[in-house]
Structures are given as structure tokens and as C-alpha cells.
Amino acid sequence: MSMKYHQLRAFLTTAEQGSIRAAARSLHLSQAALTKAIKELEQDLGVPLVLRTARGVQLTAFGQQLRVRAHLIVSEMRRAEDDIAQMKGAGAGSVSAAVTPTAALSILPQAYRAFRKQMPDARVSFIEGFPGVAMPRLRDGSLDFVVAVVVPEHLAPEFDHIELYESRSAIVGRADHPLRHCTSLAELSDAEWLLNPSPESSTQALLDSYAERGLMVPKRVIECPSFIIAHGLLRGSDALAAMPAALLEHPWVGEGLAIFPIVDPLPAVSVRIVTRRDSPLTPAATLMLECLRHAARGQ
């Protein structure tokens, strides 16, 4: 068995695009060339990977299983190419990261400017860094690292992490929220809460703090791994959320919101860089990470 890079890339792109035509266009190949690469991969493995239907393509069970590993293989091969290009002095490379809104509004702009001075030609990709969305993409190799609010003891052992900075939490709701004068978590048990659906996130720590105090854990929960959606709901509904206090200091974030005068101690918010333990960072990713750490130290 000898899987080749171009075969795996053809297979992955077809799986992502949902059709041979779209995948061929994305890879700048003819449909015949792309189909040939997938057929060769199927022959090498001795199993069908892709089913062609009137609506496009579907992965077989074998294809679904291969997709998980293929992501890692293709990502690692891209990183290997970046490493060699950097050693040759090409100055390009690429970095793909997820960044939580807290860091995106505070340290990322400064870090990005410093990064660009040293690597003006590098390809850069950012997504929003909520753990529920970002961690699966870090696991499959799509991301180089994640900057997120995480609880270290809830991270899987396959990940390494370093703290960038710590912030305190605040409970917020709309400026005229009927519960805005409440001073204890117990009074907010029946409220509707916006939470990130991830065991690694700080919102899980908030639920844990309810349980530790013997309080009724909130049951009305909106799962929301999007800052913009959460912000809109906070300002326009009765939903509440725990947010890093530093994030609320940005005028457009805190506008229209009230910080509740909760006297109960709230869990600290730890913004951390999370990486895959078994995958060394490329030069571009290493530089971006160092720029983020430098910016965090200057806060």
C-alpha cells in the first residue's frame, strides 16, 4: 500500500466540496485527473471510499475513517514543506490559528503587526477560537494552534498548553435586564444562559461553580459558539453570559450591557495557547506564537 500526497489531497478536497466538479475546480485539475487520483487511492487501499450520486458524492464508512487520518497526514506534509521552505530562506510559509474574541481584540493586532514585519509573505488564516469549534480542528491538523479560554485540567492529554494571561469573569445581560441588580449566582439559576458547548471552556467552570455551592445548576441553556450571535442575543433578549471582564472594556462590546454586581467568587478566565503535543510547530506558527506571547507580556 502506497498512499500518495496528491491522492489524499484529491480525496479530502472531494469530501469537503461534495462533488468531483467542485473539487477539481478548487485544485485546478481536470475532473478526469481528480477521478483517476481517487480511483488509484481506492485500488491501493482495496476498498471503496467515495460513492457518486446524482447530488454529488458521499463517503463510504471506509472513506469516513480515512478522512480523519488524511487530514493529519496532509496537514503534516504541508508543515514539512513550510519547514524546508523556511530553512531555504523563502520567508513564506503559513500559519492557521483560532483566536478567542478576548485575545483578538486585545493582543492579536499588535502580535500580527510584529509577525508581518518578519514574515510579510506568509499565508495567515484565523477563525474564532471557541473551544467547541476550534479543538476538533486542532486535533485533525487543520489548525496550528488555538488561543482560547480553556480550563487546563479539562484538556485532553494529546494537547500542550501555555498561559498567555488571566482575566476575571463577569456576569452580563442587557442594560435594562430585570435581574441586573441581583448579587448572587443563586438568584440567576432560573435565567437563560448563553454557553459555549465545550467541556474545555470557562463556561463549563461556571456550571461547576453552581454545583460546588450546592445550587441548582441552570437548565435553560443556549449553546452558542459565536461571539457575534451571543452579543446580539445578550443585548436583545433576557439571556445572560459569563464573559471575561477585559473583553467588556472595549466600548462596542460593553455598550448596551450591564455587569451584574455578583458577590460570589467567579472562576478566573485563563487565556491559553493550545497546541498538539505530537506535532512540532512550523517556523511561521512559532513566530506568530512568540509575537502573541510578547504582546501578552506588554498588557
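Scan the range 151-173 and report the pairs whose first residue is among the aromatic types (Phe, Trp, Tyr) and whose second residue is outside any strand (DSSP E or B), with Cβ atoms within less than 7 Å and a gap of 6+ or a chain change. Final answer for the pair search is 159/277; 165/296; 165/299.
Counting only helices (runs of 4 or more DSSP H) that fall entirely inside the range 172-249 and contain at least 3 residues that are within 16 Å of residue 263 (Cβ to Cβ), the qualifying elements are 202-212. Considering the conditions (1) surrounded by fewer than 16 Cβ atoms within 10 Å (Cβ to Cβ); (2) under 21 Å from residue 174 (Cα atoms); (3) at pLDDT 90 or above, residue 251 is excluded by exactly one of them, (3).
Residues that are aliphatic (A, V, I, L, M), in contact with a Leu (Cβ under 8 Å, 6 or more places away or on another chain) and surrounded by 13 or more Cβ atoms within 10 Å (Cβ to Cβ) within the range 1-36 comprise 3, 8, 10, 15, 20, 23, 24, 27, 34, listed in sequence order. Within the range 149-158, not a single residue is farther than 25 Å from residue 66 by Cα, at pLDDT 90 or above, not charged (D, E, K, R) and not in a loop (DSSP other than H, G, I, E, B). The residues of the range 270-287 that are within 16 Å of the chain's Cα centre (by Cα), within 20 Å of residue 93 (Cβ to Cβ) and not basic (Lys, Arg), listed by number, are 273, 275, 285. Within the range 52-78, the residues that satisfy the criterion of being in contact (Cβ under 8 Å) with a residue 12 or more places away in the chain and not in a helix (DSSP H, G or I) are 52, 56, 57, 59, 60. Which of the residues that make up the range 195-251 are in contact with a Gly (Cβ under 6 Å, 6 or more places away or on another chain) and more than 18 Å from residue 106 (Cβ to Cβ)? Within the range 195-251, 196, 197, 198, 225, 235, 240 qualify.
Among the residues of the range 7-25, are any part of a helix (DSSP H, G or I), of a type in the set (Ser, Thr, Tyr) and within 32 Å of the chain's Cα centre (by Cα)? Checked the range 7-25: at least one residue is part of a helix (DSSP H, G or I), of a type in the set (Ser, Thr, Tyr) and within 32 Å of the chain's Cα centre (by Cα). In the set (1) of a type outside the set (Val, Ile, Thr); (2) within 22 Å of the chain's Cα centre (by Cα); (3) in a loop (DSSP other than H, G, I, E, B); (4) surrounded by fewer than 19 Cβ atoms within 10 Å (Cβ to Cβ), residue 294 fails one condition alone, (3). Out of everything in the range 212-248 that is more than 17 Å from residue 192 (Cα to Cα) and among the aliphatic types (A, V, I, L, M), what residue ends up being surrounded by the fewest Cβ atoms within 10 Å (Cβ to Cβ)? Among those residues, the one meeting the criterion is 228. I'm told residue 232 meets every condition in (1) within 23 Å of residue 134 (Cα to Cα); (2) touching a strand residue (DSSP E or B) at 6+ places or on another chain (Cβ under 9 Å) except one. Can you identify the failing condition by its number? For residue 232, the exception is condition (2).
Suppose the filter is surrounded by fewer than 22 Cβ atoms within 10 Å (Cβ to Cβ) and not assigned by TED's automatic domain parsing to the domain that holds residue 205; does residue 176 pass it? For residue 176, the condition - surrounded by fewer than 22 Cβ atoms within 10 Å (Cβ to Cβ) and not assigned by TED's automatic domain parsing to the domain that holds residue 205 - is not met.
If I ask for residues that are surrounded by fewer than 15 Cβ atoms within 10 Å (Cβ to Cβ) and assigned to a helix (DSSP H, G or I), which ones from the range 40-51 would you list? Residues satisfying the conditions are 43, 44. Determine, yes or no, whether residue 172 is farther than 30 Å from residue 73 by Cβ and aliphatic (A, V, I, L, M). When the stated conditions are applied, residue 172 passes them. Pairs are defined by a Cβ separation below 9 Å, a sequence spacing of at least 6 or placement on different chains, a first member in the range 218-235 that is touching a residue at least 60 places away in the same chain (Cβ under 8 Å) and of a type in the set (D, E, K, R), and a second member that is loosely packed, with under 15 Cβ neighbours inside 10 Å and assigned to a loop (DSSP other than H, G, I, E, B); the pairs so defined are 235/175; 235/255; 235/256.
The values are calculated or read from the model by the stated rules, or taken from the named source; none is laboratory data. All values reported here derive from a predicted model rather than from experimental measurement. Using ideal geometry, Cβ is built from the backbone for each residue, glycine included, and neighbour counts are taken over all protein chains shown.
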